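The values are calculated or read from the model by the stated rules, or taken from the named source; none is laboratory data. The structure presented is a predicted model; accordingly, all values stated were derived computationally and were not measured. In this analysis, Cβ positions are derived from the backbone assuming ideal geometry, glycine residues included, and neighbour counts consider all displayed protein chains. Only protein heavy atoms, including side chains, enter the accessible area calculation; ligands, DNA and RNA are left aside. Shrake-Rupley method; radii C 1.70, N 1.55, O 1.52, S 1.80 Å.
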Amino acid sequence: MSTRMTLPVLPLRGTIMFPGLAAPIAAGRPGTLRAIEAALKGDRLVFAVAQRDNSEEPTPDILYSMGVIARIGQVNRGLGGVQLLLQGEERATSLQYVETDGHMSAVVMKTEDMLPIDEHDPAFEALHKEIRERAAELGEKRGLPQDVVSQVLDSVTDPGKFGDLVAGYIELPVPEKQGLLETLSVEERLRRVLLQVQRQISLLDAQEDIKSQVQEELGERQREMFLREQMKAIQKELGDDDQVKEIEELREKLNKLVLPKEARAEVERELGRLERSGRESMEAQVIRTYLEWIAELPWNTRSDDQLDLPHAIRVLEDDHYGLKDVKDRILEFLAVRQLRAHQLAEEIKTTGEFPAAKLRASRTEASPAANKTDEKAGRTITDEKEAKARAMAKGPILLFTGPPGVGKTSIAKSIARSLGREYVRVSLGGARDEADIRGHRRTYVGAMPGRVVQGMKQAGTKNPVFLLDEIDKLGVSFQGDPSSALLEVLDPAQNDTFTDHYLGVPFDLSEVLFIATANFVQNIPGPLLDRMEVVEFAGYTEREKAEIAKKYLIPRQLEENGLSDQKVSFADDAVASLISKYTRESGVRQLEREIGKVARKVARRIAAGEEHTIVDDGVLSEAEVRDLLGRPRVRPEKVNEANEVGVATGMYYTPMGGDIMFVEASTRSISQGANGESGGGSPVSLILTGQLGDVMKESARAAFTYVTKNAEKLGIPKSRLGTVETHIHVPQGAIPKDGPSAGVAIATALASEMSGRAVRKDLAMTGEITLRGRVLPIGGVKEKVLGALRAGVTMIVIPKENEADLEDVPDEARQKLSFHTVETLEEVLKLALVDDTAAAQKKIQVV
């Protein structure tokens, strides 16, 4: 027989506890709190029993007799009461409720389940299996994950406990749940729980049906809205709404365009969709934006090209000084177009019409309205205009390369002005997305055309000068490679049908004059570079910089700084000082900044009434520039003051321009015997310093091998070939250096050091060498020569195969320099090495 026990009573409002289940309970009534405290002082057991109603003060009359013995788990105390976690353990029946120490207690006795007579009876097993399946179905219909439902249900195998588990999670009124709690027969409890589960499933199915019906009803309402929109369309046809007018205006604008066949079909399709769409729908906004883009593009609008060579020459000369190669290429382009246009015009005069085959090939399918207009306007005028346009089609795609500040971007604008074309500039620096070139597909929110189509809209004509600035700064990301997208744009054989992802129809770019600019050609992919004609921009000489400053930079800066009416000017020595002592660049960008800085300081003093302290007769001298700008900021390399042993002058080239560099060589004995003879030290070693690259290190080793192998021919004593250490150093060690062109200078410095003969101070050299002493050609001759001239060099040694490159050197530089072309290193050494006793004596003293 079960043992009686007295436990604090925990009255439950609106819920039922079942054995084996845990439930969070909030308690705030004074009696309940005292009952909890009493349980916590003991074995933490309480008698959890439901109230028959929701009365605030529970009495024995409103409490059921059967409840659950529960254990108090976690307790959280707060201002409004306590939160505790109850774990139901066993059913129990209250024999008597009593008041104890301000709270209710109950004398309870545990109640045992009534097990079936035969647990293996097929009917009972079928009942058990059915309730498990229905319980799993109910959990999934409520949206619980299948694995979670299976884990919870599979954790309980006893039929009675399983019935309690399912009963605890079913949503039922308190009396019905209390009935399940009071059902002691396990089989009867399972039947009653199964019934409730089935009812819950049926309820959820009914809710799903109702939801489907609601969706269908909403569909009917949408159909009704569509019909109402049709009614509105009928009203708009009668002129009762502004939207009809907008669509008609858009249709009229599109009908006037001469569109390709594919574009015309797409426009008609989208116009039909726009008319069927509601005004406020998102789709209508997308379609309207697309059609507006189509209407605003220059499908057949061209600039009237000015094929006037004298005018083009005048414009190019007015805007830029020098740049002869670039100007010649533009004038060649104009000359060819002029001859082609004249040839087509003669054919029109002879035959009376444009050549039929060419005309048919160039025609695109226009709208009926456009065709009528074309017929009325007369075929002769149209054909002549188109002949001129076709003469200008498929122009060159130019790539201007060179250091910053030499005028690559600005001359493109001058080209557009000389041709009478519109000018569009698109900066590609940092572009990493293919959509920057080809645009986004219209399926994306916020889609828009690429920058090429945007530039054509901005130009308003189909034959602008289109500048692709900084094409070597394109990036690559997971969103695509924009340089690959440019392959179609810059291919004359393909760009007449360029298809932007947003437009989805071909657009003709064949009449666009594309010009790209870059600083580093090696950063441009090979297939893209192959589509462009490279025009190299070299650095300016000091005389050219002075002329540019006088003609362009100084007037512009004086005007920008309010000095154009102050009669302020720069003396020649002041301009020369700015160029040589305050700037070091191939272009003139920094020079303009320094001129602007001088102009601002002069403007400040004039505004303060101190102009008498600045200039005499309004001319700024070198001394006054020094006073305004302070000490010189540039320390350029200059030739040595005297001939030296072991020091040769080389030349190098970077995108910033050319310059000279010194190569120093030194040798020392590693080990000497007591009598001065070489001892048994380590073999000859070679040390290379100055942050040299791999190619330059290989050149140094090749030079060392040649000099040591040909020591007798070069007059090198045998004592210098024993156990010696040879050190080659290139100053400015913080700057990385690489390339094969320093091989001649390294070999000359080594030969000078080992033979004791000095190297001419006014001679600079460049060229790659081989182990046999041959001098191979190199690049950047013009830039290297100009850099050497700035440094004070008077004699230049270059490879024989680079002799043709001297034609690129300005006449001014060639008159100031003497050039020697060589094929072997012996020829270089005959020119470079001299018997300078003072230099050799100085070398001996230093050692």
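Numerical summary
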item: Rounded to whole Hz, the Karplus (6.51, -1.76, 1.60) HN-Hα couplings of region 733-750, x for glycine and proline; result: x, 6, 9, x, 9, 7, x, x, 6, 8, x, 5, 5, 5, 5, 5, 4, 5
item: Of Lys737/Lys784; Lys581/Lys830; Lys709/Lys784; Lys324/Lys784; Lys581/Lys800, those spanning more than 25 Å from alpha-carbon to alpha-carbon; result: Lys581/Lys830; Lys709/Lys784; Lys581/Lys800
item: Inter-site label distance for Arg276 and Ala623 at 7 Å from Cα along Cβ, in nm; result: 8.8 nm
item: In Å², nearest 10: area of Thr289 left accessible to a 1.4 Å probe; result: 60 Å²
item: Estimated FRET transfer efficiency when R0 is 25 angstrom, pair Asp43-Leu79 (beta carbons, to 0.05); result: 0.35
item: Efficiency of FRET between His311 and Arg604 - r from beta-carbon atoms, R0 30 angstrom, step 0.05; result: 0.10
item: Spacing of the two label points (7 Å from each Cα toward its C-beta) at Gln222 and Thr443, in nm; result: 2.0 nm
item: Between helix 368-377 and the chain: long-axis angle, C-alpha atoms, 0 to 90°, nearest 10; result: 30 degrees
item: Highest average packing first - 592-600, 28-36, Cβ atoms within 10 Å; result: 592-600, 28-36
item: In order through region 690-695: 3J(HN,Hα) via Karplus (6.51 cos²θ - 1.76 cosθ + 1.60), integer Hz, x for Gly, Pro; result: x, 6, 8, x, 4, 5
item: Cα-centred dipole magnitude for the chain, charges only on beta-carbon of K, R (+1) and D, E (-1), debye, nearest 20; result: 2420 debye
item: Cα-projected label distance for Ala123 with Val152, points at 7 Å along beta-carbon direction, nm; result: 3.1 nm
item: Cα centroid separation, region 104-134 to region 499-552 (Å); result: 88 Å
item: Exposure ranking of Lys816, Lys457, Lys718 by accessible area [1.4 Å probe, largest first]; result: Lys718, Lys816, Lys457
item: Beta bridge orientation in the chain: antiparallel %, DSSP, nearest 5; result: 60 percent
item: Among 638-647, 759-768, 89-98, the order from most to least packed when residues are scored by Cβ within 10 Å on average; result: 759-768, 638-647, 89-98
item: The chain: relative contact order in percent, alpha carbon pairs under 8 Å with at least 6 residues between; result: 7 percent
item: Label assignment, Rg and Dmax of the Cα atoms in Å derived from the structure, set (1) 47.4, 130; (2) 38.7, 134; (3) 42.9, 157; result: (1)
item: Nearest-10 value in Å² for the accessible area of Tyr653, using the 1.4 Å probe; result: 100 Å²
item: Low-density loop cleavage sites - GluC sites (Glu not before Pro) in region 393-471, where at most 13 other Cβ are within 10 Å (DSSP); result: none
item: Length added when fully stretched, Gln285-Asp572, from 0.36 nm per residue minus Cα-Cα; result: 97.0 nm
item: Tilt relative to the chain, helix 572-581 - C-alpha long axis, 0 to 90 degrees, to 10; result: 50 degrees
item: Carbon plus sulfur fraction of accessible area for the chain, probe 1.4 Å, in percent; result: 50 percent
item: For Asp738, distant residues with modelled amide H under 5 Å away; result: Gly693
item: Ranked order, Arg223, Arg251 - accessible area, probe 1.4 Å, largest first; result: Arg223, Arg251
item: Cβ-Cβ FRET estimate between Glu332 and Glu542, R0 fixed at 45 Å, reported to 0.05; result: 0.90
item: On Cα atoms only, tilt of 408-419 relative to the major axis of the chain in degrees; result: 80 degrees
item: Accessible heavy-atom area order of Asp61, Asp205, highest first, probe of 1.4 Å; result: Asp61, Asp205
item: Per residue accessible area of the chain, 1.4 Å probe, in Å²; result: 51 Å²
